[in-house]
1. Of H134, S186, G174, whose Cα points farthest to the positive end of the dipole of the stretch 128-202 (charges on the beta-carbon: +1 Lys, Arg; -1 Asp, Glu; origin at the Cα centre)?
2. With every protein chain present, what accessible area does C264 have (1.4 Å probe, heavy atoms only), rounded to the nearest 10 Å²?
3. Can you tell me the FRET efficiency between D10 and Q104 if r is taken as the Cβ-Cβ distance and R0 is 25 Å, rounded to the nearest 0.05?
4. From the residues S423, N474, N152, which one has its Cα farthest along the dipole of the chain in the positive direction, the dipole being from +1 and -1 charges on Cβ of Lys/Arg and Asp/Glu about the Cα centre?
5. Say R0 is 56 Å: what FRET efficiency, to the nearest 0.05, do E30 and A270 get from their beta-carbon distance?
6. If you average the sequence gap of Cα pairs under 8 Å that are 6 or more apart and divide by the length of the stretch 190-274, what percent do you get for the contact order?
7. Under a Cβ-only charge scheme (Lys and Arg +1, Asp and Glu -1), can you give me the dipole magnitude of the stretch 92-181 about the Cα centre, in debye to the nearest 20?
8. Just to verify a number: what accessible area does Y9 come out at with the full protein assembly present, 1.4 Å probe, Å² rounded to tens?
Amino acid sequence: MPDGTTVDYDGLIPNNVGLSDDLRVRRALETWHPGYIDWWRQMGPEGFQERLVYLRTAVGVGSEGWAKFGFVRMPEYRWGVLLAPAVEDRKIGFGAHKGEPAWQDVPGEYRAMLRRLLVIQGDTEPASVEQQRHLGATAPSQYDMRNLFQVNVEEGRHLWAMVYLLQKYFGRDGREEAEELLRRRSGDQDSPRMLGAFNEATPDWLSFFMFTFFTDRDGKMQLAALAQSGFDPLSRTCRFMLTEEAHHMFVGETGVQRIVQRTCEAMRDAGIDDPTDVERVRALGVIDLPTLQKKANLHFSLTLDLFGNEISTNAANAFNAGLKGRFREDKLTDDHVLVGATYPVLRLRDGMIMREDVPALSALNMRLRDDFVDDASAGVTRWNRVLERAGLEFRLRLPHVAFNRRIGEFAAIHADVDGNLLSEEQWRTRQGSLLPSAADNEFVISLMQPAQAPGAFASWIAPPRIGIDNKPGNFEYVKIEA
Ligand code: BYC
């Protein structure tokens, strides 16, 4: 039996779940494997599949030394099934089953609910790879290209994580769902991915950094909520996924930070101190700050939609069932049952946005969304430090939660970034100053010229302070010449 911290690399599928002794699941996964590789070749990073990339691969699940770095061709990456070590005697921490032993198998009455959660989570992982598949060609440096590919292979592994749970615990339904996860496509008319933001295009690197900053952070919050699950295999799976997820948000946060830094430097060198002098700033070959704000507005609002409706019986049921907890549930000090508790939620009442106390159980999506907003604002504060240091007064900010929504209370109305309601006509007039316009997007895309020589960086982004795995600035992260 595996000891739960070392990974068995002998078979086709690296794992710490004892696959060598679990013939049924091993066969199911080995049968699914060729379809996955076909999907990766068709829908994974375009143009770089045969290049050697300096990637980290998980080799253990302990807290130290869990990954090793080395050159790998992406289709040969060792995707595997890795669960965080089991916690002895773990109990369900919330809901109607609080205090009972955590489930090692699927509780029959919650089968459908659990399957739906796994499928939604699983669906987002390949979706993001599909969304990002064209970006390699315009990478602003080898460092960034390598980070993109790292994020992509790990999203691929996160798909494996959900597919393992489906194959192991859901029999034939699980196998069918696993096939469907390879069949849907981001943005496809007939067979789209399940959640809205995962069908949007990621046409440029600014979008990629904003996506990893905001949307991967939804991933972090959702995984953190699922890591609390009373279904122990899901909890252990998500705990390990969170270890990898941290790098994805690092990529987003530092990506935007480096863009802000480069813009500030270029403005200073050119003696421009008005950030709204967009044309002059753009002429320097850097991204103007108002455009950065508009992109942040877009990605923040798209990501808020991923938290579902403000009032949700699905969320209440999943919590009651002990399947999906709150962010850091185990650190919270209330009764973890929430019957009779309330939570304040922003709602639309008589054409106004009002705070209203609602039953806490039905407001769990909002609670997670509020935790997300706090987490994201800490990142925005770090971006703003760059502006402060540069002596500029401009600050980036998060728009109001009612801005540009397609799911929930505010889908029916228009609001500006301060939460003031706008008429249809006012929205039409102001939209271009709040969200990226076609001209803004065109400008950003015009900057996306590849910088492929080791140590080279595109004009619009500063180099990172430190290389991946402490490598020097001119390290060849991707062997571009085959
Ligand atoms: N788009 O009761 P409600 C990540 C549907 S990201 C389309 O509010 P619930 C990653 C909803 O399905 C994290 N439909 O829903 C990031 C429901 O339909 P049914 C992904 C939507 O269940 C970057 C109906 O509306 N993981 O990992 O409370 C790169 C009623 O809604 C949407 C998860 O999301 C939408 N946005 O909340 C790579 C965790 N929103 O069932 C990866 C698992 C709602 O009535 N998912 N609907 O027909 C969940 O926990 C929940 O399903 C949701 C929705 C939070 C998504």
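1. Final value for the positive-end residue is G174.
2. Its accessible surface works out to 10 Å², give or take rounding.
3. On the way: r = 25 Å, r/R0 = 1.00.
So the FRET efficiency works out to roughly 0.50.
4. Positive-end residue among those listed: N474.
5. Values: r = 59 Å, r/R0 = 1.05.
According to the calculation, E is roughly 0.45.
6. Values: 54 pairs, mean separation 26.7, N = 85.
In percent, rounded to a whole number, it is 31.
7. Details: 10 positive and 14 negative charges, 31 e Å.
Computed charge dipole of the stretch 92-181: roughly 140 debye.
8. About 60 Å², ignoring ligands and nucleic acids.
The values are calculated or read from the model by the stated rules, or taken from the named source; none is laboratory data. This is a predicted model, so every value here is computed, not measured. Because the Cβ atoms are built from the backbone with ideal geometry, glycine has one as well, and the counts that use them run over all protein chains shown. Heavy atoms of the whole protein, side chains included, go into the accessibility calculation; ligands, DNA and RNA do not. Shrake-Rupley method; radii C 1.70, N 1.55, O 1.52, S 1.80 Å.
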